[in-house]
Amino acid sequence: MKFLRVVLLTGSLFFILSCSHRNQNNLSGDLVRNPVSLHNSDSTQSPVIKFETIEHDFGRVFAGEKVSYSFKFYNKGKSDLLITNVSASCGCTVPEWPKTPIAPGQEGYITVTFNTAGRNGFQQKQITVLTNAVPNTAILMIKAMVYEPGRETE
């Protein structure tokens, strides 16, 4: 019985120590992707991405169409804006973005193409934009009502 208590106590202590040690070495994803927050620098010198609109509704479209929209944005910050990645919530949505730095005061476009093939009814897709701005993530949305040709009145 005494041996069992020692084993349980030792096992519990080992578990607690291993759990607390695991979290000490992890950095937040924001710190890793955004050097301004990592070095605790003055964020007033950072780039700032500002979109004219963050949502676009294609309205009624036929299944099988490929529709595109370009989200216009500006760098309202004081240093170059870098878009590191743009990803969509679905493989049917393909984003294209500038791979070169956007200078302060300049504009750019993120073009999103939505392939409606195999889709029906209301569709909403999210586009995630990762940048070196503060905050480093922006979310864009596209929507559409997809109809089969000849059945658009349903």
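All of the numbers you see were taken from the coordinates with simple rules; none came from a lab. It should be emphasised that the depicted structure is a prediction, and the values quoted were computed from it without experimental measurement. Because the Cβ atoms are built from the backbone with ideal geometry, glycine has one as well, and the counts that use them run over all protein chains shown.
List of remarks:
- In order along region 45-55, the phi-based Karplus estimate (6.51 cos²θ - 1.76 cosθ + 1.60, θ = phi - 60°) of 3J(HN,Hα) comes to 8, 6, x, 9, 8, 10, 8, 5, 8, 10, 9 Hz; Gly and Pro are listed as x.
- Label-to-label distance, nm, for residues given as Ser79 and Thr128 (7 Å Cα→Cβ offset): 2.4
- 3J(HN,Hα) from dihedral phi, region 89-103, Karplus parametrisation 6.51/-1.76/1.60, rounded to Hz, x for glycine, proline: 6, 8, x, 6, 10, 10, x, 10, 8, x, 9, 9, x, 9, 5
- Less than 5 angstrom separates the built amide H of Arg119 from those of Gly64, all sequence-distant by 5 or more or on a different chain.
- Principal axis dimensions, largest first and in whole angstrom, of region 56-99 by Cα: 43, 19, 14
- Cα convex hull of region 45-147 - mean projected area over all directions, nm²: 5.7
- Nearest-0.05 FRET efficiency for Asn120 and Phe51, computed from C-beta distance (R0 22 Å): 0.15
- Across the cross-link table entries Lys50/Lys78; Lys78/Lys125; Lys76/Lys143; Lys78/Lys99, which are compared at the Cα atoms, the separations over 22 Å belong to Lys78/Lys125; Lys76/Lys143.
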